[in-house]
Amino acid sequence: MNTPSTIELFDRWELVWHEARYDLIPGCLASQYLRHDQKGDRTVSSDAYAAEIREVHEARPGIRVLVFDHAFSEDRAWFRFAFQWTDVQTSHVQNQAGFQSYRIAGGKLVETWLSLQPVGSSWPDPVAQRSWTSPL
């Protein structure tokens, strides 16, 4: 089930990642955002997570999040995706496949679970979705 509020939230979240629209982060994240990722289980503020996203953009200029599959409901979302960027030292395109699920409350992201494959991994799909929320 696609809900308009969840689609709108992820349309804005895509702008944060693809257009460095850090000003949108407070409207996308709860004041305390629970993350379960490669750094462990932790709670971050929207400001702290904004700094993490900036670091990713600096380390991997031009990074894109390519979505291959997703599902949305009022309070949940998940994505099968891959990061893609050009390595600044080698100029080679790099990929890293992943899966991420989210819990949503009050129209904001409150918790996420992220699982990443090793750098160099990819999904077998020939083409990614046009946008994160494109119909399947």
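The values are calculated or read from the model by the stated rules, or taken from the named source; none is laboratory data. In this text the structure is predicted, and so the values were computed from the model without any measurement. In this analysis, Cβ positions are derived from the backbone assuming ideal geometry, glycine residues included, and neighbour counts consider all displayed protein chains.
State all residues of the stretch 28-47 that are surrounded by 14 or more Cβ atoms within 10 Å (Cβ to Cβ) and of a type in the set (Gly, Ala, Ser); if no residue qualifies, say none. Please lay out each step first, then the result.
Just the residues of the stretch 28-47 that are surrounded by 14 or more Cβ atoms within 10 Å (Cβ to Cβ), to begin with: 28-30, 33-37, 44-46.
Listed by number, the residues that qualify are Ala30, Ser45, Ser46.
Can you confirm whether Glu19 is out of contact with any Pro (no Cβ under 9 Å at 6 or more places or on another chain), surrounded by fewer than 17 Cβ atoms within 10 Å (Cβ to Cβ) and either closer than 21 Å to Val127 by Cβ or without any contact (Cβ under 8 Å) to a residue 24 or more places away in the chain (or both)? It would help to see each step written out before you state the result.
On the way: out of contact with any Pro (no Cβ under 9 Å at 6 or more places or on another chain): yes; surrounded by fewer than 17 Cβ atoms within 10 Å (Cβ to Cβ): yes; either closer than 21 Å to Val127 by Cβ or without any contact (Cβ under 8 Å) to a residue 24 or more places away in the chain (or both): yes.
So Glu19 fits the description; yes.
Please find, within the stretch 61-86, the residue that is farthest from Trp17 (Cα to Cα) out of those that are of a type in the set (D, E, K, R) and at pLDDT 95 or above. Please lay out each step first, then the result.
Let us first name the residues in the stretch 61-86 that are of a type in the set (D, E, K, R), namely 64, 69, 74-76, 80.
Subsequent filtering for residues that are at pLDDT 95 or above retains 64, 69, 75-76, 80.
On the way: Arg64: 7, Asp69: 18, Asp75: 21, Arg76: 19, Arg80: 16 Å.
Restricting to residues being of a type in the set (D, E, K, R) and at pLDDT 95 or above, the top hit is Asp75.
Does Arg54 satisfy being at pLDDT 95 or above and more than 14 Å from Phe10 (Cα to Cα)?
Numbers: at pLDDT 95 or above: yes; more than 14 Å from Phe10 (Cα to Cα): yes.
Yes: the conditions hold for Arg54.
From (1) assigned to a helix (DSSP H, G or I); (2) touching a residue at least 24 places away in the same chain (Cβ under 8 Å), pick out the condition that doesn't hold for Arg35.
Answer for Arg35: the failing condition is (1).
Here's the yes/no breakdown for (1) more than 12 Å from Phe10 (Cβ to Cβ); (2) not in a strand (DSSP E or B):
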position: Val65; (1), (2): no, no
position: Asp69; (1), (2): yes, no
position: Ala77; (1), (2): no, no
position: Trp85; (1), (2): yes, no
position: Gln96; (1), (2): yes, no
position: Leu114; (1), (2): yes, no
position: Val119; (1), (2): yes, yes
position: Asp125; (1), (2): yes, yes
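For the stretch 75-90, check the following and say yes or no: at least one residue is small (Gly, Ala, Ser), surrounded by fewer than 14 Cβ atoms within 10 Å (Cβ to Cβ) and out of contact with any helix residue (DSSP H, G or I) (no Cβ under 6 Å at 6 or more places or on another chain). Quick ask: steps written out before the conclusion?
First, pick out the residues of the stretch 75-90 that are small (Gly, Ala, Ser): 77, 82.
Okay, now just the ones that are also surrounded by fewer than 14 Cβ atoms within 10 Å (Cβ to Cβ), so none.
For the stretch 75-90, residues small (Gly, Ala, Ser), surrounded by fewer than 14 Cβ atoms within 10 Å (Cβ to Cβ) and out of contact with any helix residue (DSSP H, G or I) (no Cβ under 6 Å at 6 or more places or on another chain): absent.
Looking at the stretch 37-48, is at least one residue under 25 Å from Pro118 (Cβ atoms), under 13 Å from the mean Cα position of the chain (by Cα) and either at pLDDT 95 or above or of a type in the set (A, V, I, L, M, F, W, C) (or both)? Full working, then the answer.
Pass one, the stretch 37-48, residues under 25 Å from Pro118 (Cβ atoms): 37-42, 44.
With the extra rule that they be under 13 Å from the mean Cα position of the chain (by Cα), the set shrinks to 37.
Checking which are either at pLDDT 95 or above or of a type in the set (A, V, I, L, M, F, W, C) (or both) leaves us with 37.
Looking through the stretch 37-48, at least one residue is under 25 Å from Pro118 (Cβ atoms), under 13 Å from the mean Cα position of the chain (by Cα) and either at pLDDT 95 or above or of a type in the set (A, V, I, L, M, F, W, C) (or both).
With the structure loaded, tell me whether His57 is surrounded by 14 or more Cβ atoms within 10 Å (Cβ to Cβ), more than 12 Å from the chain's Cα centre (by Cα), assigned to a helix (DSSP H, G or I) and not hydroxyl-bearing (Ser, Thr, Tyr) or whether it fails that test. I'd like the intermediate steps shown before the answer.
Numbers: surrounded by 14 or more Cβ atoms within 10 Å (Cβ to Cβ): yes; more than 12 Å from the chain's Cα centre (by Cα): yes; assigned to a helix (DSSP H, G or I): yes; not hydroxyl-bearing (Ser, Thr, Tyr): yes.
So His57 passes the test.
Scanning for something at pLDDT 95 or above, under 22 Å from Asp87 (Cβ atoms) and outside any helix (DSSP H, G or I), does the stretch 15-28 turn up at least one residue?
yes
Touching a helix residue (DSSP H, G or I) at 6+ places or on another chain (Cβ under 8 Å), charged (D, E, K, R) and either touching a residue at least 24 places away in the same chain (Cβ under 8 Å) or not in a loop (DSSP other than H, G, I, E, B) (or both), is that true of Arg12? Step through it out loud before you land on a result.
On the way: touching a helix residue (DSSP H, G or I) at 6+ places or on another chain (Cβ under 8 Å): yes; charged (D, E, K, R): yes; either touching a residue at least 24 places away in the same chain (Cβ under 8 Å) or not in a loop (DSSP other than H, G, I, E, B) (or both): yes.
So Arg12 passes the test.
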